[in-house]
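A.B. asks: Here it is, the structure in full.
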Amino acid sequence: MPDLSYLSRCQAGRFEPSPDRKNMKAVVTTGNGGYDKLEYRDVPLPKLQSGELLLKVLAAGVNNTEINTRLGWYSSSVTSGTEQVAETDRGDGKVADGGWNESTPFPFIQGTDCCGEVVAQAEDVATSRIGERVLVRACMRKHGFESLENIWMASDFDGAFAEYVKLPASEVFEVECDWSDAELATIPCAYGTAENMVHRAGVSADDQVLVTGASGGVGSAVAQLARRRGAKVIALVGRAKIDAVADLGVDRVIERNANLLEELGESSVDVIVDNVAGSGFTPLLKLLRRGGRYASSGAIAGPMVNMDMRDFYLKDLNLIGCTSWDEPVFPNLVGYIERSEIRPLLAKTFALKDIADAQREFLKKEHFGNFVLLPPHS
């Protein structure tokens, strides 16, 4: 780690690294394409600017987001699901807009989930944060919470697939709990996304909630967070993971290939949280009661769906898109962790250098819980 003289210079407002430690190990994503675009190499240590903290990365979670960005899946030119795009390897790297319908800042360091330790801070950070164990709010409202405009760590600027990362102090939250570093690293992206959908949909104890893809990182988080609010939760999962999802305390588990209209009936649920989409979307709106809410922040089975507009407008439904995290979301999560109201679902850890192996195994969807990368100093 940076030596004490480096830390003192950071705290004094002089941010150049010590002569004996100028670099760190990181995974650099060099462009759209296959696993060959993930390069484990030395890069310069981050240099702090006004209002920033330097974190030693203790653990970094693996998410669909990093894979989708590397593959260019977010481009509107892509019409199939993540797994289908991954099978083609996107080896040509010719997604013209970089994948977000605007330029992606290749080469850069991905890694949306970060559990870290504050090891240095800019001079103008008023309160001493050194030594805090923290989580990072990856979705940042660059113009404040009155605007939905947002930027994401590891999509718009360097993230946590490295030994160190620098971030605005306002986006770094101390967490006091007995969870391991790897367990904490399962939280930010999946649970932040899930809590944002549950929050936006106004889930309460009066609601019956259907969660598709409930064995995935976001889906299993939604199941926990909706149950925490007292809602009745129906989980839709693959047959192999029925028992694991049932252990989350949901009220009912349905195999994902079942006929939902026969199992549940029309107008039977209040809220649907769906990050699967694809061909399974078509019956979902029929399941919602009048005035029901459908929330989504993803489409892992494919972004193109068939929708009967009459199901939407004749039932006065609310379709809620969820990308920008609302202000209460991340403080809520920290509180849930510290009060033991949710639990982590850690499936496996990998060394940072083995990121390609982690992503390959991730895409097989045979695991339950989250994969986490450990930098070499962990």
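Each row is one residue, and each column tells you yes or no for (1) assigned to a helix (DSSP H, G or I); (2) at pLDDT below 95; (3) of a type in the set (D, E, K, R); (4) in contact with a Leu (Cβ under 7 Å, 6 or more places away or on another chain).
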site	(1), (2), (3), (4)
G249	no, no, no, no
D270	no, no, yes, no
K286	yes, no, yes, yes
R290	no, no, yes, no
A301	no, yes, no, no
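A.B. asks: Please determine, by comparing only the residues of segment 1-46 that are in a loop (DSSP other than H, G, I, E, B) and at pLDDT 90 or above, which one is farthest from the chain's Cα centre (by Cα). First the steps, then the outcome.
C.D. replies: Applying the first criterion (in a loop (DSSP other than H, G, I, E, B)) to segment 1-46 yields 1-3, 12-22, 30-34, 45-46.
Applying the additional criterion that residues be at pLDDT 90 or above yields 22, 30-34, 45-46.
On the way: K22: 30, T30: 21, G31: 20, N32: 20, G33: 21, G34: 21, L45: 25, P46: 23 Å.
In this case the residue turns out to be K22.
A.B. asks: Also, I was wondering about something else. Filter segment 359-375 down to the residues that are without any contact (Cβ under 8 Å) to a residue 40 or more places away in the chain and outside any loop (DSSP other than H, G, I, E, B) and list them by number.
C.D. replies: Those that are without any contact (Cβ under 8 Å) to a residue 40 or more places away in the chain and outside any loop (DSSP other than H, G, I, E, B): E361, K364.
A.B. asks: Would you mind finding the one in A223, A194, A235 that is part of a strand (DSSP E or B) and in contact with a Gly (Cβ under 9 Å, 6 or more places away or on another chain)?
C.D. replies: Going through A223, A194, A235 in turn, just one is part of a strand (DSSP E or B) and in contact with a Gly (Cβ under 9 Å, 6 or more places away or on another chain): A235.
A.B. asks: Under the condition of being part of a loop (DSSP other than H, G, I, E, B) and touching a Gly at 6+ places or on another chain (Cβ under 9 Å), which residue from segment 137-154 is surrounded by the fewest Cβ atoms within 10 Å (Cβ to Cβ)? Let's see the steps before the verdict.
C.D. replies: Within segment 137-154, the subset part of a loop (DSSP other than H, G, I, E, B) is 137-138, 141-150, 154.
Keeping just the survivors that are touching a Gly at 6+ places or on another chain (Cβ under 9 Å) gives 137-138, 154.
Working: R137: 23, A138: 28, A154: 26.
Of everything passing the filter in segment 137-154, R137 is surrounded by the fewest Cβ atoms within 10 Å (Cβ to Cβ).
A.B. asks: Still on this structure, please answer the following. Taking the options V118, V134, V95, name whichever one is buried (at least 18 other Cβ atoms within 10 Å of the Cβ) and modelled with pLDDT under 95. Spell out the reasoning first.
C.D. replies: Numbers: V118 fails: modelled with pLDDT under 95; V134 fails: modelled with pLDDT under 95.
Exactly one residue qualifies, and that residue is V95.
The values are calculated or read from the model by the stated rules, or taken from the named source; none is laboratory data. No experiment lies behind these values; they were computed from the predicted model shown. Please note: Cβ atoms are built from the backbone with ideal geometry, for glycine as well, and neighbour counts cover all protein chains shown.
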